[in-house]
Amino acid sequence: MCGIIGYIGSKQATPLIMEGLRKLEYRGYDSAGIAIFDSDHIDVIKQKGKLSALKRRLEGLHLEGQIGIGHTRWATHGEPSEVNSHPHLGGQERIAVVHNGIIENYRSLTERLEAKGISLASQTDSEVIAQLAEYYYDGNIVSTSIKVAHRLEGSYALGMLSLDDPDVLVALKKDNPLIIGVSEAGNFIASDVPAILRHTNKVYYLDDKEVALLTRNGVRFFNFDGEVIEKCLETITWSMDSAEKGGYPHFMLKEIMEQPRVLEDTLQSTLSDSANKQVLENLDLSGYTKVVITACGSAYNAGVVARYVIESLCRLTVEVELASEFRYKDPLVDGKTLVILISQSGETADTIAALREARAKGAFTLAIVNVVGSTIAKEANTCLFTAAGPEIAVATTKAFSTQLVLLYALALRFAEARGALAPEQLAACKAEIATLPGKVASLLEQVDTLQKYAASCVGYKSIFFIGRNIDYAIALEGSLKLKEISYIHSEAYAAGELKHGTISLIEEDTLVVALVTNERLFEKTMSNVEQVISRGAKVLLIGNCPGVQPNEKLTFVSLPACFELFSPSLSVIILQLFSYYVAADKGLDIDKPRNLAKSVTVE
Ligand code: AGP
């Protein structure tokens, strides 16, 4: 899941491309490269490592030219190295390509090229595209790119420069995101919005099997039959500031602090006259006998929380499936199944495949997505949008929290439609949810306590998260958050499971983070806490239960009172801050953790 960008216009391309790559670096940071069209040749500079390494490499070099493409890489095929970096040139150096995605038949294509005496310089799948383009070049870069596309299997978003087509930039896509930005000073291609938002908020969303031909003064679109097609220009509502750090040391901390506002915005979007309210009101739930939630990573964890909420409020069975499993398990879904897909980016390959599998089996698909115009938003039968704004840090925080409140609103809509709650219970739940932004704001004032406590936790090799029922669901997210950014091994367990094996791992000074937000299970969870303390563990207890006595073994972080079912929206704030400050104290690259990327657009 690389980041690609391109520009053609009246300005020098190099600074625009480099600035765009800075905004795309959260998509991959194994290497970076740039290709600039300079009158009679294409200059290609690429460098292993973070964008800063390429920046240093470019110092003192004058890459002149008003047309260029750039790439930041998340390595899938071929180790991170200079030769495997993009842009890739064909053997005659007449066509340069940047690629996001995976070419699944690259081995057979490589053999066919080698049989024609064309050998590849790199170990990547992507280079075959540049070599094929040079081999099939027919004097027209659009028809050439279509010829190449017809031979590719897999997923791709491409930017292409051709020495024989000096005044154009070509882009095409299949199964990976690509937008075309238009501005007075020229036109852009980019993997996503923040990369070009400084220059324009006017974009076209390229759909699968479409080609864009960009010139300095316009953009033309073609389908893969070479026919001209028309597309709608859309306006992005996100502000430029929302894609900046705003004075915070990391996007993650900024996004954690934005949660009261984005929660309020997302809640308002379910109440006021908006698309979300329409979608909720138009949902006809009468025909469904089963609800399946499917997603990946943190979005999956939001689904696990939602299962407890929907089953409890609506007395309706909910299955939660990992999308990467759901897509290949021949799932038992049909026309009587409502499949809910959750995704921040709307571009996660496994979740897209799960969506297509569910639709193919006749299920009704409802997506919860943060990015307007994304593939999942466009392909689902209906879609609810979280109002988190652009989320730059790889580890999701604000988008996760807005997914929770949209799922609560959905559960209440289900309960209302099924008459599962009395009107006063429904009103009480709605009133309780409306208090969440304020309660989150009060929790964010506890950063100092968490920062101090986290500093004492950087040495742990392994940390356990435990909870019962919905606390177990949010413990999953706490554990993932910590792993993602601190590189400390951690696992989440249903507290009652500990004594069936895992407790053998508890020894002197092991850290256990325990969540207890419902009085009903307070005693049960506290006995699990005492069990681990008696084996030497230290415990960070997060909950809203009176009568807890902190001691040298037990640190207690109190949460504001809250309905048990909505308490994940509060406990997750503490879990996010804890993970952030542990990673910050370790001096790690929090916004761009190793081996990760923000949007997993490949399998
Ligand atoms: C979460 O912090 C991670 N970035 C990752 O687990 C993420 O939740 C997962 O890749 C799903 O992404 P999506 O919500 O964009 O589909």
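Given E19, E79, which one is in contact (Cβ under 8 Å) with a residue 40 or more places away in the chain, of a type in the set (D, E, K, R) and assigned to a helix (DSSP H, G or I)?
Going through E19, E79 in turn, the sole match is E19.
Just a yes or no: is a residue in region 150-162 assigned to a loop (DSSP other than H, G, I, E, B), more than 24 Å from G3 (Cβ to Cβ) and not acidic (D, E)?
Taking every residue of region 150-162 in turn, at least one turns out to be assigned to a loop (DSSP other than H, G, I, E, B), more than 24 Å from G3 (Cβ to Cβ) and not acidic (D, E).
Quick check, is Y204 more than 30 Å from D350 (Cα to Cα), of a type in the set (F, W, Y) and open to solvent by 30 Å² or more (accessible area, probe 1.4 Å)?
Taking the combined requirement at face value, the residue does not satisfy it.
Which number in (1) more than 30 Å from D591 (Cα to Cα); (2) touching a His at 6+ places or on another chain (Cβ under 8 Å) marks the one condition that A393 misses?
(1)
Return only the number of the condition from (1) in contact with a strand residue (DSSP E or B) (Cβ under 6 Å, 6 or more places away or on another chain); (2) open to solvent by 60 Å² or more (accessible area, probe 1.4 Å); (3) in a helix (DSSP H, G or I) that V304 does not satisfy.
It fails just one condition, (2).
Out of everything in region 1-51 that is open to solvent by less than 20 Å² (accessible area, probe 1.4 Å) and of a type in the set (D, E, K, R), what residue ends up being nearest to T76 (Cα to Cα)?
So the residue we want is R27.
What number goes with the only condition from (1) open to solvent by less than 50 Å² (accessible area, probe 1.4 Å); (2) farther than 23 Å from E321 by Cα; (3) not in a helix (DSSP H, G or I) that V292 does not pass?
(2)
List, please: which pairs have Cβ atoms under 6 Å, are six or more places apart or on different chains, and start with a residue in region 154-174 that is in contact (Cβ under 8 Å) with a residue 60 or more places away in the chain and end with one that is in a strand (DSSP E or B) and polar (S, T, N, Q)?
These pairs meet every condition: A157/N100.
Report yes if S479 is part of a strand (DSSP E or B) and either under 21 Å from L341 (Cβ atoms) or in contact (Cβ under 8 Å) with a residue 12 or more places away in the chain (or both), otherwise no. So that I can check it myself, show each step before the final result.
Numbers: part of a strand (DSSP E or B): no; either under 21 Å from L341 (Cβ atoms) or in contact (Cβ under 8 Å) with a residue 12 or more places away in the chain (or both): yes.
It is false that S479 is part of a strand (DSSP E or B) and either under 21 Å from L341 (Cβ atoms) or in contact (Cβ under 8 Å) with a residue 12 or more places away in the chain (or both).
Those residues that are of a type outside the set (G, A, S), at pLDDT below 95 and closer than 28 Å to N595 by Cα, I need them from region 375-393; list them, please.
Correct list: T375, P390, E391, I392.
Which residues, taken from region 305-353, are under 16 Å from V405 (Cβ atoms), of a type in the set (A, V, I, L, M, F, W, C) and more than 9 Å from the ligand (Cβ to nearest atom)?
Correct list: V305, A306, V309, I310, L313, I340.
Please enumerate the residues belonging to region 502-560 that are small (G, A, S), surrounded by 16 or more Cβ atoms within 10 Å (Cβ to Cβ) and farther than 16 Å from S571 by Cα.
Within region 502-560, just A537 meets the criteria.
Identify the residue in region 388-421 that is among the charged types (D, E, K, R) and within 13 Å of the ligand (Cβ to nearest atom) and, among all such residues, is farthest from I433 (Cα to Cα).
Residue satisfying both the conditions and the ranking: E391.
List, please: which pairs have Cβ atoms under 7 Å, are six or more places apart or on different chains, and start with a residue in region 309-334 that is hydroxyl-bearing (S, T, Y) and end with one that is in a helix (DSSP H, G or I) and surrounded by fewer than 19 Cβ atoms within 10 Å (Cβ to Cβ)?
Partner pairs satisfying both residue conditions: T317/E311.
Quick check on my filter: what residues within region 82-105 are within 14 Å of A121 (Cβ to Cβ), assigned to a loop (DSSP other than H, G, I, E, B) and open to solvent by less than 40 Å² (accessible area, probe 1.4 Å)?
N84, S85, H86, P87, G90
The values are calculated or read from the model by the stated rules, or taken from the named source; none is laboratory data. Quick caveat: nothing in here was measured; it's all calculated off a predicted structure. Methodologically, a virtual Cβ is constructed for each residue, glycine included, from the backbone with ideal geometry; neighbour enumeration extends over all protein chains shown. Side chains are part of the model used for accessible areas, which takes the heavy atoms of the whole protein and leaves out ligands, DNA and RNA. Shrake-Rupley method; radii C 1.70, N 1.55, O 1.52, S 1.80 Å.
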